[in-house]
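Q: One structure follows; several queries about it will come next.
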Amino acid sequence: MAPTGTGQSAGEGLRERKKRAMRQQLSDTAARMFLERGFDAVRVADVGEACGVSQKTVFNYFPSKEALLLDRLEVTADALRTHLSNPALPPVTAMLKVLDDELHGLAASVAARGDQDDALAQYRRFGDLIRDTPSLRAYQSDVADRFVDVAADVLATRARLRPDDPEPQIAAAALLGLWRVQFRALRAHLRPGHPLPDAIAAVTREVRRAARLIEDGLTAFPDGTNPADPEAGDPTRDRRARSHR
């Protein structure tokens, strides 16, 4: 997803606000410089110099050059932990909540700009930059894989299973498939000259269509009160049982 900014935490102290402000400044400056010059043409030291800090300071905030541009994807991991761990929400409903929040945050960010077409054009340039830069594509793919791991861990805890059990693994992969669907739908529908509400509605419809394909299967995901039998569906189970008679 394109960045939508990071919010201020409740009870945040002065030190935390300063650190957050510097992180935001570094990320915003890097995004502007990358869009203007190209990702490979800008060094991390260039970003630091533009913000009045050293390269070392930049790396204190971001583990890599790619993270300077895509760091806000990490917010998604926190949202996955929050919503997927809620036993009152079926897994697909929880994932749709994560995606809806991201979508509405992006829409609010675009709507707040004085020139929405300019904001949408910048969003598309951001997507083009990721698509055209192999290291950014690889980083985004790695982040998506981490999201699957986060989701599998949360779902396993919820169902009293191991994260590497089949149920949380396949459920997490399916749910994060919806995240990829939304990303591609945004690229298709969010563009200058296309009314923002229409674009958001089109993206939502595509994500809901994809969600319907997995909803029935994930309805059977263990709820923790009746964990999955680890041998259920094992074709060798009956043979083993007969051999012990």
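A short reminder: the numbers here are calculations on the coordinates, not readings from a lab. Everything numeric here is computed off the predicted structure, so don't read it as measured data. Reconstructed Cβ throughout: ideal geometry from the backbone, glycine too, with neighbour counts over all protein chains shown.
Q: How would you order 25-34, 72-81 from highest to lowest mean count of nearby Cβ atoms within 10 Å? Please list the in-between numbers first.
A: On the way: 25-34: 19.6, 72-81: 17.8.
Top of the packing list down: 25-34, 72-81.
Q: Students often get this wrong, so check it: of Lys19/Lys56; Lys65/Lys97; Lys18/Lys56, which have C-alpha atoms separated by over 22 Å? Don't jump to the answer; show the numbers that get you there.
A: On the way: Lys19/Lys56 15 Å; Lys65/Lys97 30 Å; Lys18/Lys56 17 Å.
Over 22 Å Cα-Cα: Lys65/Lys97.
Q: Could you tell me, in Å, what Rg and Dmax come out for the Cα atoms of region 58-98?
A: 13.9, 41
Q: Also, I was wondering about something else. When the chain is fully extended, how far beyond the present Cα-Cα distance does Gln116 get from Arg205, taking 0.36 nm per residue of separation?
A: Values: separation 89, 0.36 × 89 = 32.04 nm, distance 2.21 nm.
Result: 29.8 nm gained on full extension.
Q: Set the Förster distance to 22 Å, then compute FRET efficiency between Asn86 and Ser109 from the Cβ-Cβ distance, nearest 0.05.
A: Details: r = 26 Å, r/R0 = 1.17.
Once rounded, the FRET efficiency stands at 0.30.
Q: To one decimal place, what Kirkwood hydrodynamic radius in Å is obtained for the chain from all pairs of distinct Cα atoms? Mind showing how you got there, number by number?
A: Values: mean 1/r = 0.0497 Å⁻¹.
In the chain this quantity evaluates to 20.1 Å.
Q: Would you kindly derive the ³J(HN,Hα) couplings of region 157-171 from the backbone phi angles with the Karplus curve 6.51 cos²θ - 1.76 cosθ + 1.60 (θ = phi - 60°), listing them in order in whole Hz, with x for Gly and Pro?
A: Working through the residues one at a time gives 4, 4, 9, 6, 10, 8, x, 8, 5, x, 5, x, 5, 6, 5 Hz.
Q: Could you quote the convex hull projected area for region 137-216, Cα atoms only and averaged over all directions, in nm²? Could the numbers behind the result be given before it?
A: Working: hull surface 25.0 nm².
If I average the Cα hull's projected area over directions, I get 6.3 nm².
Q: Any chance you could run the full-extension gain for Thr57 through Ala138? It's 0.36 nm times the residue separation minus the Cα-Cα distance, nm to one decimal. Kindly include the intermediate steps, with their values, before the conclusion.
A: Details: separation 81, 0.36 × 81 = 29.16 nm, distance 2.44 nm.
Difference between extended and current length: 26.7 nm.
Q: Could you give the nm distance between label points at Asp100 and Asp149, where each point is 7 Å from its Cα heading toward the beta carbon?
A: 3.0
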